[in-house]
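Undergrad: Below is the structure I would like to discuss, written out as structure tokens.
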Amino acid sequence: MRFLIAEDELKLASLLRRGLVEEGHSVDLARTGEEAFSSASAVAYDAVVLDLMLPGIDGIEVCRRLRAVGIWAPVLMLTARDAVEDRVAGLDAGADDYLPKPFAFDELLARLRALVRRGAPERPVVLEAGELRLDPATRRAWRGDSELVLSTKEFSLLETFMRYPGHALSRQQLVDHAWDDAFEHRSNVVDVYVRYLREKVDRPFGRRSLETVRGVGYRLRMDDV
Ligand code: CA
């Protein structure tokens, strides 16, 4: 395996490198955010260990830029122990896992192994289907350049459709993904909300993306016409 370690604390970086090399891996080091980005863009690493606090652009921004240019190497973010918001920001930027400092080397190894097993399939942070885009982290959605103003429930429903583009989803599947257990069991609740959603996502644009699948439920069409 070949890993990149982006860490400006040189003692920690060389400790990690030595440990990984002893395990038979190859390790490159980066000391700044810019170095991390350019190395990870140039080499297909099996995983990247990315310190959040780096000189220059920080780990979150490095991760966001890598994902934006289509680099999906698994990222393990190193964060401060109590900084919940850092972990959230890291995961939202496309990191796959995080490890609070200080950590045991064995745990780092175990997490890297788990990440390497998953490989580097595309894991877009922002969902896209045709002209539709949806960002679960900021809870914003667009058709083309137009931002869609959606209620919480409409947003959840659209997110569900966008996670399964082209799939016919039953009313029950839509309820399971977009509603919590506390929802009032009105039998037509999905139909009502699909109608709301069409009024915002389709009709103003002269589109029919959300189609009824007779006997099943609904589907987000992929050809987006
Ligand atoms: Ca640091």
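Undergrad: Specify which of the listed residues (M162, M222) is among the aliphatic types (A, V, I, L, M) and not in a helix (DSSP H, G or I).
TA: Answer to the check: M222.
Undergrad: Just to be sure, is G94 touching an Asp or Glu at 6+ places or on another chain (Cβ under 8 Å) and either within 15 Å of the ligand (Cβ to nearest atom) or not in a helix (DSSP H, G or I) (or both)?
TA: When the stated conditions are applied, G94 does not pass them.
Undergrad: Still on this structure, I have one more. Please note which helices (runs of 4 or more DSSP H) are completely contained in the stretch 1-88 and include at least 3 residues that are under 21 Å from the mean Cα position of the chain (by Cα) and either away from the ligand (no atom under 14 Å from the Cβ) or among the hydrophobic types (A, V, I, L, M, F, W, C) (or both).
TA: Where helices (runs of 4 or more DSSP H) fall fully within the stretch 1-88 and carry at least 3 residues being under 21 Å from the mean Cα position of the chain (by Cα) and either away from the ligand (no atom under 14 Å from the Cβ) or among the hydrophobic types (A, V, I, L, M, F, W, C) (or both), they are 33-42, 59-68.
Undergrad: Moving on to the next point. Given (1) among the aliphatic types (A, V, I, L, M); (2) surrounded by fewer than 15 Cβ atoms within 10 Å (Cβ to Cβ); (3) touching a helix residue (DSSP H, G or I) at 6+ places or on another chain (Cβ under 9 Å); (4) not assigned by TED's automatic domain parsing to the domain that holds E211, identify the lone condition not met by L109.
TA: Among (1) among the aliphatic types (A, V, I, L, M); (2) surrounded by fewer than 15 Cβ atoms within 10 Å (Cβ to Cβ); (3) touching a helix residue (DSSP H, G or I) at 6+ places or on another chain (Cβ under 9 Å); (4) not assigned by TED's automatic domain parsing to the domain that holds E211, L109 violates only (2).
Undergrad: For a quick check of your reading of the model, give me the residue pairs whose first member lies in the stretch 35-55 and is farther than 13 Å from V69 by Cβ and in contact (Cβ under 8 Å) with a residue 12 or more places away in the chain, whose second is away from the ligand (no atom under 13 Å from the Cβ) and β-branched (V, I, T), with beta-carbon atoms closer than 7 Å and at least 6 apart or on different chains.
TA: D46/V116; A47/V116; V48/V75; L50/V75
Undergrad: Is it fair to say D180 is in a helix (DSSP H, G or I) and either of a type in the set (S, T, N, Q) or over 17 Å from A129 (Cβ atoms) (or both)?
TA: no
The values are calculated or read from the model by the stated rules, or taken from the named source; none is laboratory data. It should be emphasised that the depicted structure is a prediction, and the values quoted were computed from it without experimental measurement. Counting neighbours? That spans all protein chains shown, and the Cβs are built from the backbone with ideal geometry, glycine included.
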